1. Please build a GNM for the chain, connecting alpha carbons under 10 Å apart, and tell me which residue among Y98, Y11, Y148 fluctuates the most.
2. At 1.4 Å probe size, put T133, T20, T70 in order of accessible surface, largest to smallest.
3. Kirkwood hydrodynamic radius of the chain from all distinct Cα pairs, in Å?
4. Mind checking which of N81, N61, N165 has the largest fluctuation in a GNM of the chain, springs on alpha carbons under 10 Å?
5. Summarise the accessible area of the chain (1.4 Å probe, protein heavy atoms) by the percent that is carbon and sulfur.
6. Accessible area per residue for the chain in Å², computed with a 1.4 Å probe and the full protein assembly in place, what is it?
7. Of T132, T73, T154, which has the largest mean-square fluctuation in a 10 Å C-alpha GNM of the chain?
8. Rg over Rh of region 55-97, using C-alpha atoms and the Kirkwood radius, what does it come to?
Amino acid sequence: GAVVFDGSGDYLSLASSSDTTLGGVDFTMECWVYFTGTGTDVFFENDTGTGGCSIQINGSNLLSVQVGATNITSTNALSTNRWHHLCVQRDHSESTTYAYVDGVQVNTTGTDSGSSTSAVTIGGRSGGSFLTTGNISNARIVKGSVVYAVGGFTPPTSPLTNITNTKLLCCQGSN
């Protein structure tokens, strides 16, 4: 199952919560995305201000992950009209953030700062930048642990589940 976004300003939002404050802890933030066009599309965001995390693509279909003030950008464009697993993990003990497309590590950064208690948004951000046209499935935030092996992994092919430390799991159906 997946939630369909049509680019008309629709997105999902979850109010601010300490459950989704990601600064200073290990976390995994992931989702499956399917998009049909080009443009800057926001898939999954927990504020990008002082310590949140944003998973999006830029106008060249490159993955763009922002964690705090640091931006990680892929070098290979994501294909339209197919599903991609996108994942960001931070290992706080190493002060390192990892980004993955389909289980392949994109880049790392040494930044580990701040925290954000802003609303979590899926399919866009409050005030602009919406998913033009596409689907989002299995959006999950796990706070307090790194879910996947550092360096690369095989993305799950079954629906994500509520594992230990899961704080958000949604978009597993059309509602």
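The values are calculated or read from the model by the stated rules, or taken from the named source; none is laboratory data. Note that the structure is predicted; figures quoted are calculated from it, not measured. Heads up: the accessible areas ignore ligands, DNA and RNA and are worked out on the full protein's heavy atoms, side chains in. Shrake-Rupley method; radii C 1.70, N 1.55, O 1.52, S 1.80 Å.
1. Between Y98, Y11, Y148, it is Y148 that shows the largest mean-square fluctuation.
2. T133, T70, T20
3. Values: mean 1/r = 0.0641 Å⁻¹.
Answer for the chain: a Kirkwood hydrodynamic radius of 15.6 Å.
4. Highest fluctuation among the options: N81.
5. On the way: 3270 of 7130 Å².
Carbon-and-sulfur percentage of accessible area, whole number: 46.
6. Details: 7130 Å² over 175 residues.
Heavy-atom SASA per residue in the chain reads 41 Å².
7. Judging by the Gaussian network model, the answer is T154.
8. Values: Rg = 11.8 Å, Rh = 11.6 Å.
Rounded to two decimals, Rg over Rh is 1.02.
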